[in-house]
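The values are calculated or read from the model by the stated rules, or taken from the named source; none is laboratory data. Predicted model only: the values in this text are computed from it and were never measured. Neighbour counts are summed over all protein chains in view; Cβ atoms, including those assigned to glycine, are modelled from backbone coordinates with ideal geometry. Just so you know, the surface numbers come from the protein's heavy atoms only, side chains and all, with ligands and any DNA or RNA stripped out. Shrake-Rupley method; radii C 1.70, N 1.55, O 1.52, S 1.80 Å.
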Amino acid sequence: MSEFDFEKPVAEMEKAIEKLKNINSDNKTDFNAQLADLEAKLIERKKEIYDNLTPWQTVQVARHQKRPVLFDYIKYIFTDFIELHGDRHFGDDHAMVGGFAKLGNEKVMLIGHSKGKNIEENIKRNFGQAKPEGYRKALRLMRLAEKFNVPVITFVDTQGAFPGLDAEERGQHEAIARNLTEMAKIKVPIITVVTGEGGSGGALGIAVADSVMMLSYAVYSVISPEGCAGILWRDASFSSNAAEALKITAKSLLELGVIDEIIHEPVGGAQTDPQQTAENIKEVVLKQLKKLSAYSATKLLNKRFEKFSAMGKFNR
Amino acid sequence: MPWFIKTKTEREAQKEISDDIWEKCNKCKAHVFKQDYINNLNVCPKCGSHGKITAYERIGMTLDSGTFKELNETISPADPLGFIDGKGPYTAKVDQARKKTGLNEAVVTGTGKINEIAVVIAVMDFRFLGGSLGSATGEKILLASNYACEHKLPYIIFSASGGARMHEGILSLMQMAKTCAGIARLDEKQLPFISVLTDPTTGGVSASYAMVGDVNIAEPGALVGFAGRRVIEQTIKQKLPDSFQTSEFVLEHGFLDMVVHRKDLKNTLSGILSYYNR
Ligand SMILES: [Zn+2]
């Protein structure tokens, strides 16, 4: 069933299809041709809607409550996950999860923001908003990956780094800054998939990667549309305008050279077929891994440096 | 002429004179002689509050006279997103900032000497779009660190920034990774990087190069933090103390090496660099 406002045009069609199906079973009259026709139209119409989502509508899809989270992807495409805990300084942040895992035949270090799908889980995982200990755990695991000579795969899905008193006291700025600096030196391939929300520094803190991919309805931005509207329009009700202006969709980011590839997700969003979405991620990540593993460590680091050096547009 | 008109003109005239002669301290609200304030490096003589200064004023008080050579001064903002907000286009804001400051960007970079020690220096200027980190800002900061790498010189960045430049969207965010990649190279070459945090150093700038100095120094009373005070108060639903996110607070929590008065900064920098023995 339709869940978004922008799906209203297909909601009527879905109802009609349901009705036809019921008649079909009750009266055994042959509505099959008509039904097939309507279903084809529905798929076509839905695809049209999803091909033309506005940035603000895309934000709604990226934040969908049932959108797959890190542990869903672990279940669908990773095997032999050995979770590793703690930053060795302060604690273990459940908003940032990591450990050894296998993707197909590849041994990797998997690190990602971890959102929950219900209130209890979300409270435990702080809605996927990591604190300094989360970023420090992530860096510790990246260094471990370097030592073990396995590539790093990060999954980004966060509104942003946690804006709290404790996070400030423990140096949220320093933790993120350290990751940005140290990730430039990690001598194994780093691959990032933005699966949901890529919220500013909180996302970038695990996303300084050789290849950065995004699901088709994920978003990645320097500030939330609401935050931007509040500052530049002085009114959060302009969030849709801000989302448009900020260029936060996968398509825009590919054009801006910030991401390397878009990973296709089903029409209707990843939550309509998490398994297929996960398989799509697996296929693209394995392809990228194959490409990156051919590089020497020196070449890898040089390319990473050149990639981020080239970010941005300015006049000389 | 009626008395009230006369009073008004007198007041206006008085205000003009007072802007020339007096400086009002933002912290203690005291009116101090402008010349005293300037002679005191824009530090309030009454309460010691460190006022904002321009990039060239900073360079003047930090480098040995006549040693500054500017790098990449023509690099200026583009408008990569065609950004227009509630108050108009980004390009208009940039034009306004350029006119107001005479600068092409929110950072001035170059080489010079501090008590005869050769350095590469990047100085942010808060007057230019709040010192925000745009593509051109990041480019200049990276090119300066590349220059330091090539010529084996220490690098010093003076930060003064509200954070990322929203008008450049994700490209602004990417400048954090870009500038830090430059700092990483300095580190691998064992070249010193000193970060000086001045009022304010927040958001994306605090979460990138400003916090990863080999030595982090802040001026007294500067605002230094990651998230905005209001956002934090709304998130945790409690009022934060006045001391929150000051240099002294950040020093206390272990993220700064020292808090240094503006008048002592030059000698502190050369003192630290004098220990560099490679
Ligand atoms: Zn004062």
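Yes or no, residue by residue, for (1) crowded, with 24+ Cβ neighbours inside 10 Å; (2) within 24 Å of B:Thr179 (Cβ to Cβ); (3) over 14 Å from the mean Cα position of the chain (by Cα):
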{"position": "A:Gly198", "(1), (2), (3)": "yes, yes, no"}
{"position": "A:Gly201", "(1), (2), (3)": "yes, yes, yes"}
{"position": "A:Leu204", "(1), (2), (3)": "yes, yes, no"}
{"position": "A:Glu226", "(1), (2), (3)": "no, no, yes"}
If I filter region A:206-222 for residues that are at pLDDT 95 or above and surrounded by fewer than 18 Cβ atoms within 10 Å (Cβ to Cβ), do I get at least one hit?
no
Residues in region A:298-312 that are at the interface with chain B (Cβ under 7 Å from one of its Cβ atoms), in contact (Cβ under 8 Å) with a residue 12 or more places away in the chain and of a type outside the set (A, V, I, L, M): how many?
2
Take the conditions more than 16 Å from the ligand (Cβ to nearest atom), within 21 Å of the chain's Cα centre (by Cα) and either outside the structural domain of B:Ala136 (by TED's automatic domain parsing) or open to solvent by less than 50 Å² (accessible area, probe 1.4 Å) (or both) and apply them to B:Arg98. Does it pass?
no
Here, helices (runs of 4 or more DSSP H) confined to region B:120-229 with at least 1 residues that are acidic (Asp, Glu), within 9 Å of another protein chain (Cβ to nearest Cβ) and open to solvent by 10 Å² or more (accessible area, probe 1.4 Å) are B:135-151, B:169-188
Could you list, in sequence order, all residues of region A:288-316 that are among the basic types (Lys, Arg) and in a helix (DSSP H, G or I)?
A:Lys290, A:Lys291, A:Lys299, A:Lys303, A:Arg304, A:Lys307
When both residues are 6+ apart or on different chains and their Cβ atoms are under 8 Å apart, which pairs have a first residue that lies in region B:30-49 and is more than 14 Å from every other protein chain (Cβ to nearest Cβ) and open to solvent by 60 Å² or more (accessible area, probe 1.4 Å), and a second that is more than 12 Å from the ligand (Cβ to nearest atom) and part of a helix (DSSP H, G or I)?
B:His31/B:Ser18; B:Phe33/B:Ile21; B:Lys34/B:Asp20; B:Lys34/B:Ile21
Please specify each residue of region B:50-71 satisfying the condition of being within 16 Å of the ligand (Cβ to nearest atom) and open to solvent by less than 50 Å² (accessible area, probe 1.4 Å).
B:His50, B:Gly51, B:Ile53
Of everything in region B:17-29, what is out of contact with any Ser or Thr (no Cβ under 7 Å at 6 or more places or on another chain) and surrounded by 17 or more Cβ atoms within 10 Å (Cβ to Cβ)? Give them in sequence order.
B:Glu23
